[in-house]
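For reference, the structure is listed below as structure tokens.
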Amino acid sequence: MIRIVDAEARAGKKELEILLAGRRGAAPDFATLKQVLPIVEDVLRRGKPALRKYVTRFDPPAVRRNARVDEEFARAFRVARRRIEAYHRKQLVSISSEFSFRDSLGVSFVEKSAPFDSVGVYVPGGRAFYPSSLLMGVVPARVAGVRRVVVATPRGAWASSPELRWAARELGVDEVLRAGGAHGIAGLVSVSGVAKIVGPGNRFVAAAKHLVSGLVAVDMPAGPSEVLIVVSADADPALVAADLLAQAEHDPDAKCLLFTDSRRLATAVQDAIALQLETFEETGSSKVMRAALRRGGRVFLFKEISRAVSFGSAFAAEHVQVFGKAAERLSPRLLPTAGALFIGASTPTALGDYVLGPNHVLPTGGAARSFSGLSVRDFLRWGRSVSAPPKAARRLAPKAAVLARFEGLVAHASALDRRAR
């Protein structure tokens, strides 16, 4: 069961300090990096033969299931696609794709965006097929103008899910690399030759993305999913409980935090969680939810909601939900460090996971202080050109040569001196 902690008491302050210190000083998962390093190195060096070896060793057997795709699923998928596409097209319009100018010396400058030529989208497939992961990776890539999209997913997931195969065709995916885990990520580099890799995955996927990030671009650091819900006393405890449980369902290591200024609400949320958990006892999710609430679930009580918001901003959670009138008034203070901010009781994280429109691939573990959620911008790079006429070069080169000689770069200075004549 989720535990209530007095954030103003000595023990509570200490727990909050430890929580925040862990966010600021989080180290890479060195143990997992060591585990996957030989696999990634082998696939990068040997390509297809190595990839086949690890697919045989690690990926579930490919048992193909041919079944009709449910029409209700197809309709829901298409609604999600339309909304995600519309949102990301608005993003594209808001990006200044080109600028050019000429300065007072006649030097001309151009900066212009261009989409990556190819992108790899990783789609997890351990327990199930996640259509939302496919949508959130492929749709913004296409909106940005990426010509070639390659999906990597475990071979068993591809074979057993007619919905995945249908969805890939529906989105116009160019290639499918039937390999999951760390070897799938390395295969996107050495076999598929993509320029960037995006998409969520487990710790092995995250470690492999870290290892290949010097060769290709990757989206962001990713770990267990997390939600921080900041609510004032007038919030509905049943809705708060439902949203905490929705987060807990992701992973036993998921973080499920509630910050509030109301002890009455905190207790009511505890009771609501207990009641709602009973309805999930027949599903496999119940065990996962209980583990997540026990390990990473906490309710922190603050004297004032403004203090809860201040600590929430420092926490920089992947998902931040705010409801209750007093809490919602302060929600702008959470925006700069939230992976994504959901305002109001009718805007749960779960709605954003599927059909609202903004991307659900978000930074975790406090990385929201430094990284933004996936967007159209992540599928573009900016090329720059500059052209200096002889008159400008003669005027600027002597100054540049002074700096070059200061740095001990005599050939640089010589090249500059030739332009100064």
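Only the coordinates and a few stated rules stand behind these numbers; no lab work does. Because the structure is a prediction, the values reported are computed rather than measured. As a convention, Cβ positions derive from the backbone with ideal geometry for all residues, glycine included, and neighbour counts pool all protein chains shown.
A few points about this structure:
- Nearest 10 degrees, 0 to 90: helix 390-406 Cα axis against the chain principal axis: 70 degrees
- Exposure proxy ranking for S213, S313, based on other Cβ atoms within 10 angstrom of each Cβ and starting from the fewest, stands as S213, S313.
- Folded to 0 to 90 degrees: helix 10-24 orientation relative to the chain principal axis, Cα: 30 degrees
- Taking the range 380-415 and a reference point 7 angstrom along Cα→Cβ of A114, the backbone N atoms nearer than 13 Å belong to 380-385.
- The range 37-76 - Kirkwood radius from inverse mean 1/r over Cα pairs (Å): 12.9 Å
- Counted over the chain, the DSSP beta bridges are approximately 25% antiparallel.
- Gap separating the Cα centres of the range 203-223 and the range 321-379, nearest whole Å: 22 Å
- Largest-first principal axis extents, alpha carbons of the chain, Å: 83, 56, 41
- Neighbour counts of C-beta atoms inside 10 Å place M289, M220 in the sequence M220, M289, starting with the fewest.
- Cut-off 15 Å, label 7 Å out along Cα→Cβ of E85, residues of the range 352-389 by amide N: 357
- Per-residue Cβ neighbour rank within 10 angstrom, fewest leading, I305, I95: I95, I305
- Seen against the Cα atoms of the chain and their longest principal axis, helix 181-190 is set at about 20 degrees.
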